[in-house]
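The values are calculated or read from the model by the stated rules, or taken from the named source; none is laboratory data. Keep in mind the model is a prediction, meaning the values are calculated, not measured. Here Cβ is always computed from backbone atoms with ideal geometry, including for glycine, and neighbour counts include all displayed protein chains.
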Amino acid sequence: MQSTSHAFKDNARAALANQTLQKAMKHVKSGFIDKRAKARARLPEFDALRDEARDIKNHTLANLDFYLERYEEKVTASGGEVHWTATAEDAVKAVLDICRRVDAKVVTKGKSMISEEIALNQAMEDAGLDVVETDLGEYIIQLRKEPPSHIIAPAVHLTKEQVEADFRHHHQELPSERQLSEPVQLVAEARQMLRRRFLEADVGITGANFLVAETGTSIIVTNEGNGDLTQTLPRVHIVVASLEKVVPNLEDATTILRVLARSATGQEFSSYTTLSTGPRRPEDLDGPEEYHVILLDNGRSNMLGGDFQDMLRCIRCGACMNHCPVYHAVGGHAYGWVYPGPMGSVLTPNLIGVDEAGHLPNASTFCGRCEAVCPMRIPLPKMMRHWREREFERHLSPPAVRIGLGLWAFLARRPKLYHFVTGWQARLLARFGRARGRFDALPLARGWTKHRDFPAPEGKTFQQLWAERQESQAKGKSAS
Amino acid sequence: MAEGQPRVGLFVTCLVDLMRPSVGFAAVKLLEQAGCTVEVPQAQTCCGQPAYNSGDRADTRALAEQTIQAFKGFDYVVAPSGSCAGMIREHYPTLFEDDPQMQAAAEDLAGRTYELVSFLTDVRGMTTVDSRFEGKVTYHDSCAGLRELGVQDQPRKLLGSIPGVELTEMVEHDVCCGFGGAFCVKYPDISNKIVTAKTDNIMASGAGTLLAGDLGCLMNMAGKLQRRGAEVEVRHVAEVLADMTDQPAIGEAASGGSD
């Protein structure tokens, strides 16, 4: 998808002015946070499991080549095929080649952020394929021709009234007087529309939450069961997954699963946890005839061994954005590309470049709530700061910021001069601000006073007053 | 200097120094009540966080070295700010990974540095304060103090020892106020949205006074409350704990004050 991350400020402004979006975003706050907190409270070993989960991924990343090769061996042994793809284009081509070879017309899809990352839907539609998203949220945004605004709740930016309007517009064959105002009615209608498509599909595409090296298994977690229908009914199942999804064995996968759903939705486990190993065997009653894994790098191997390796532990639970005050304020689309919120602010510059996505790691108050809730203990603020350092080194930070910072640092590194300057600054500001105690406009602080008053300083600086106090105490002593 | 009293270097913080020195004096009073001797090195300016969070590592290191030098020899270094204390404790040691000698000095300073209120309770064992304050207060947990240093119960415990104080918790008291240092001027509209939500919660709490432990957050919230015409006084928690609330609240004029 075409990035608008460079226009983050404009995107954010539009999002803040969008009343419907603001109404929808209230659900993020109320929906996810309490549920996660309760799930965590119910599991005393939750934080210990986070440590274990982190260690599993660290071990895997340190031996990534080994586990990926083991994984491929096992997939091949089970009758499937792994396609190693370096770039988004390679991955798209691999999928299209399979679709062409099997003469596919209809393709169903389970929810997959990797397919968003490589803009797979657009490419398949351009190739004449009939592509159907089967996750409810993805189905809704496909109708609206929008990207997801959240990595696990793609349509969280919409109100149910908007969804009703979309369904009435797109499902013209259904009676116009039908009731459609309740979520349960919307779900029933989507299910009715999708049922037929599952049966028509030639190819089913899913993502993967885990790739298990020990068994060559791909695992998905869903709540709607659409993933199962997507991968078992068509003739061909294609898994698109990035290479850091691999874990050594099933035991490791289940350890991480114990923190995944709790962190994401506050569930102990998703409604469905589905394991796929190869195509249908002769004795199986159903399942696909072909099983393919499109294994995508797309810049991730460059993150190994560097400042951003920890980001490869991410299991895409969405807890960081669910707890982010900036995400709450502007929603996911403002971030301008596939991955929003704190994890996106770290990952996106890695994938599409910091020149394009430079705003994202800056648009954080560093409140630290993302790191505090991350099940994989990824130091997200620290890595956003790494991006800021690179931007500063490359002179990508705005000139006004650099000049202001330079002047301030020049003074702050010279305590005597600093105390002299701050001394008269404080007195001057205090003199002008004394009558009201504050300013509603200040020439060099418009960003501040546009929205809030600026307090007047008390008068002298602490250092001046402290020096006076020391002096008078010394005098008092010498007089006595 | 009295025998056996720990020698504390006060890290004033640049905001308290410039904007609200009375917070510094409140800190001194509390530290003295806790049996410490307080000194204020003049060679201090700022902990370097503005440079650090802007990606300017060279200036950050220079300011960290300056601070490390200025506070050599003190038993403890105490700051009336979770953010600045967090910078010294959690981040200084990571700045000198290529310089073992400086790194050791940074780690030494980090181990002696505390946020004011948690120092009073956790290190000095203070359980009560001698203060007269009447009214309903609400307490905002500033992010760095809360998540880097675990400051949450300590200020509430000491406030609870003041007979006239009625603590009423606001909704989302542990959620960011939208200040974020330079963030609030780099992304003013987003910051405004966050501080609007915060001040909604403050006003809904019914408290007459808002307290917190970091002046940056306090200035942000006070400025928004005043812009919205809310009748909530805003003070640093140290002012109330030290019984030093005679001066006008943040952003308020002295009564009958005119130039």
Q: Output the number of residues of the stretch A:313-347 satisfying the condition of being within 14 Å of chain B (Cβ to nearest Cβ), within 19 Å of A:Pro375 (Cα to Cα), part of a helix (DSSP H, G or I) and of a type outside the set (A, V, I, L, M, F, W, C).
A: 6
Q) Taking A:Phe392 and the conditions (1) without any contact (Cβ under 8 Å) to a residue 24 or more places away in the chain; (2) outside the structural domain of A:His359 (by TED's automatic domain parsing); (3) farther than 15 Å from B:Gly223 by Cα; (4) of a type in the set (A, V, I, L, M, F, W, C), which numbered condition does it fall short on, given that it satisfies the others? A) (2)
Q. Residues in the stretch B:123-133: is at least one farther than 30 Å from B:Ser205 by Cα and either without any contact (Cβ under 8 Å) to a residue 12 or more places away in the chain or among the aromatic types (Phe, Trp, Tyr) (or both)?
A. yes
Q.
Under 7 Å between Cβ atoms, which residue pairs at least 6 apart in sequence (or on different chains) link something in the stretch A:176-192 that is assigned by TED's automatic domain parsing to the domain that holds A:Leu229 and touching a residue at least 12 places away in the same chain (Cβ under 8 Å) with a partner that is assigned to a helix (DSSP H, G or I) and of a type outside the set (A, V, I, L, M, F, W, C)?
A. A:Leu180/A:Glu164; A:Leu180/A:Arg168; A:Leu180/A:Glu189; A:Ser181/A:Glu164; A:Pro183/A:Lys160; A:Leu186/A:Lys160; A:Leu186/A:Glu164; A:Ala190/A:Tyr139
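Can you name every residue in the stretch B:177-189 that is more than 23 Å from B:Tyr92 (Cβ to Cβ) and touching a helix residue (DSSP H, G or I) at 6+ places or on another chain (Cβ under 6 Å)?
Quick first cut of the stretch B:177-189, residues more than 23 Å from B:Tyr92 (Cβ to Cβ) only: B:177-178, B:184-189.
Result: B:Cys177, B:Gly178, B:Cys184, B:Val185, B:Pro188, B:Asp189.
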Q.
Conditions first: (1) of a type in the set (Gly, Ala, Ser); (2) out of contact with any Pro (no Cβ under 8 Å at 6 or more places or on another chain); (3) without any contact (Cβ under 8 Å) to a residue 24 or more places away in the chain; (4) outside any helix (DSSP H, G or I). A:Ala153 passes all but one, so which condition is the exception?
A. (3)
(Q) Need pairs with beta-carbon distance below 6 Å; first residue at positive phi and within the stretch A:422-444, second of a type in the set (A, V, I, L, M); sequence gap 6+ or separate chains. (A) A:Gly437/A:Ala456; A:Gly437/B:Ala253
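Looking at the stretch B:92-101, which of its residues are part of a helix (DSSP H, G or I) and not hydrophobic (A, V, I, L, M, F, W, C)? So that I can check it myself, show each step before the final result.
Just the residues of the stretch B:92-101 that are part of a helix (DSSP H, G or I), to begin with: B:92-96, B:100-101.
Result: B:Tyr92, B:Pro93, B:Thr94, B:Pro100, B:Gln101.
For every residue, the table says whether it meets (1) closer than 30 Å to B:Asp99 by Cα; (2) more than 7 Å from every other protein chain (Cβ to nearest Cβ).
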site: B:Leu30; (1), (2): no, yes
site: B:Val40; (1), (2): yes, no
site: B:Leu63; (1), (2): yes, no
site: B:Ile68; (1), (2): yes, yes
Q. Does A:Val203 meet the test of being more than 20 Å from A:Lys57 (Cα to Cα), in contact with a Gly (Cβ under 8 Å, 6 or more places away or on another chain) and crowded, with 17+ Cβ neighbours inside 10 Å?
A. no
(Q) Can you report the number of residues in the stretch B:220-255 which are part of a helix (DSSP H, G or I) and within 14 Å of chain A (Cβ to nearest Cβ)? (A) 10
Q: Can you confirm whether the stretch A:440-455 contains a residue that is more than 28 Å from B:Asp189 (Cα to Cα) and at the interface with chain B (Cβ under 7 Å from one of its Cβ atoms)?
A: no
Q) In the stretch B:102-149, which residues are assigned to a helix (DSSP H, G or I), in contact with an Asp or Glu (Cβ under 9 Å, 6 or more places away or on another chain) and farther than 19 Å from B:Tyr92 by Cβ? A) B:Thr121, B:Leu146
Q: Any chance you could count how many residues in the stretch A:232-249 are of a type outside the set (D, E, K, R), in a helix (DSSP H, G or I) and in contact with a Phe, Trp or Tyr (Cβ under 9 Å, 6 or more places away or on another chain)?
A: 1
Q.
Please go through (1) part of a helix (DSSP H, G or I); (2) within 9 Å of chain B (Cβ to nearest Cβ) for A:Phe420 and return the number of the only condition it doesn't satisfy.
A. (2)
**Q.** Within the stretch A:297-322, tally of residues that are farther than 22 Å from A:Ile219 by Cα, in contact with a Gly (Cβ under 9 Å, 6 or more places away or on another chain) and not hydrophobic (A, V, I, L, M, F, W, C)
**A.** 1
Q) Looking at the stretch A:44-59, is at least one residue surrounded by 17 or more Cβ atoms within 10 Å (Cβ to Cβ) and either touching a Phe, Trp or Tyr at 6+ places or on another chain (Cβ under 7 Å) or free of Cβ contacts under 8 Å to residues at least 40 places away in the same chain (or both)? A) no
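Scan the stretch B:148-160 and give yes if some residue there is under 24 Å from A:Cys324 (Cβ atoms), touching a Lys or Arg at 6+ places or on another chain (Cβ under 6 Å) and within 8 Å of chain A (Cβ to nearest Cβ), otherwise no. Give the derivation first.
Looking only at the stretch B:148-160, we keep the residues that are under 24 Å from A:Cys324 (Cβ atoms), and these are B:148-152.
The next check asks that each one be touching a Lys or Arg at 6+ places or on another chain (Cβ under 6 Å); those that pass are none.
Looking for residues that are under 24 Å from A:Cys324 (Cβ atoms), touching a Lys or Arg at 6+ places or on another chain (Cβ under 6 Å) and within 8 Å of chain A (Cβ to nearest Cβ), one finds none in the stretch B:148-160, hence no.
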(Q) Restricting to the stretch A:1-27, name every residue that is in contact (Cβ under 8 Å) with a residue 24 or more places away in the chain and away from every other protein chain (no Cβ under 13 Å). (A) A:Met1, A:Ser3, A:Thr4, A:Ser5, A:His6, A:Ala7, A:Thr20, A:Lys23, A:Ala24, A:His27
**Q.** Members of the stretch B:192-219 found to be of a type in the set (S, T, N, Q), assigned to a helix (DSSP H, G or I) and more than 7 Å from chain A (Cβ to nearest Cβ), listed by number
**A.** B:Thr196, B:Thr199, B:Asn201
Q. Taking the stretch A:354-393 as the search range and keeping residues that are touching a Ser or Thr at 6+ places or on another chain (Cβ under 9 Å), away from chain B (no Cβ under 13 Å) and of a type outside the set (A, V, I, L, M), which one is surrounded by the fewest Cβ atoms within 10 Å (Cβ to Cβ)?
A. A:Glu356
Q: Assess whether B:Lys186 counts as being facing chain A (nearest Cβ under 8 Å), out of contact with any Lys or Arg (no Cβ under 8 Å at 6 or more places or on another chain), modelled with pLDDT under 95 and under 26 Å from B:Gly55 (Cα atoms).
A: yes
Q. Do you know which residues across the stretch A:292-310 are polar (S, T, N, Q) and more than 23 Å from A:Arg54 (Cβ to Cβ)?
A. A:Asn298
Q. Which fully enclosed helices (runs of 4 or more DSSP H) of the stretch B:1-91 have 3 or more residues being of a type in the set (A, V, I, L, M, F, W, C)?
A. B:14-19, B:21-33, B:57-70
Q: Kindly establish whether B:Thr45 is surrounded by 22 or more Cβ atoms within 10 Å (Cβ to Cβ), in contact with a Phe, Trp or Tyr (Cβ under 9 Å, 6 or more places away or on another chain), of a type in the set (Ser, Thr, Tyr) and in contact (Cβ under 8 Å) with a residue 40 or more places away in the chain.
A: no
Q) What number of residues within the stretch A:8-23 are surrounded by 18 or more Cβ atoms within 10 Å (Cβ to Cβ) and of a type in the set (S, T, N, Q)? A) 1
